[in-house]
1. Identify all residues within region 59-70 that are in a loop (DSSP other than H, G, I, E, B) and either under 17 Å from SER89 (Cβ atoms) or within 14 Å of the chain's Cα centre (by Cα) (or both); write none if there are none.
2. Take region 26-58 and flag every residue that is among the polar types (S, T, N, Q), under 14 Å from the mean Cα position of the chain (by Cα) and either within 17 Å of ASP92 (Cβ to Cβ) or not in a helix (DSSP H, G or I) (or both).
3. Checking the conditions here, which among ASN69, ASN31, ASN46 is modelled with pLDDT of 80 or more and touching an Asp or Glu at 6+ places or on another chain (Cβ under 9 Å)?
4. Would you mention how many residues in region 52-92 are touching a strand residue (DSSP E or B) at 6+ places or on another chain (Cβ under 6 Å) and among the polar types (S, T, N, Q)?
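The values are calculated or read from the model by the stated rules, or taken from the named source; none is laboratory data. Note that the structure is predicted; figures quoted are calculated from it, not measured. Cβ placement follows ideal geometry from the backbone for every residue including glycine, while neighbour counts extend to all protein chains displayed.
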Amino acid sequence: MKTLTLGILIFTVLASLALFAQIPAKEMEKNIRQIYKDLLKETDKNKDEKISKDEYLAIYKDKKEAEKNFKSWDTDKDGFITEDEYVKSIMDMGKKK
């Protein structure tokens, strides 16, 4: 399960970036929001519709790498990755291409 979740996370980011240039921004955002909801099904153990640091760390074997990655996703530094943070982060990645 943990490897599957990490695989989903990596795949969704890469797929999103690959599609970014081919899909209008509104459609891209809609797709990313759906990906986040799918990711929640795997990670959101307490069903609060956000990914806590503990939930995120649970999908990684390398906790140091997980800590580093979590900090980049948790843009407001409140200890959670929300849907809006996830969407904005991926959309920003696409803009940097």
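1. Narrowing region 59-70 to residues in a loop (DSSP other than H, G, I, E, B): 59-62.
Result: ILE59, TYR60.
2. Hits for region 26-58 are ASN31, SER52.
3. Numbers: ASN69 fails: touching an Asp or Glu at 6+ places or on another chain (Cβ under 9 Å); ASN31 fails: touching an Asp or Glu at 6+ places or on another chain (Cβ under 9 Å).
When all the criteria are applied, what remains is ASN46.
4. Filtering region 52-92 down to residues touching a strand residue (DSSP E or B) at 6+ places or on another chain (Cβ under 6 Å) leaves 52, 73-74, 80-81.
Now drop any that are not among the polar types (S, T, N, Q), which leaves 52.
Total satisfying the criteria: 1.
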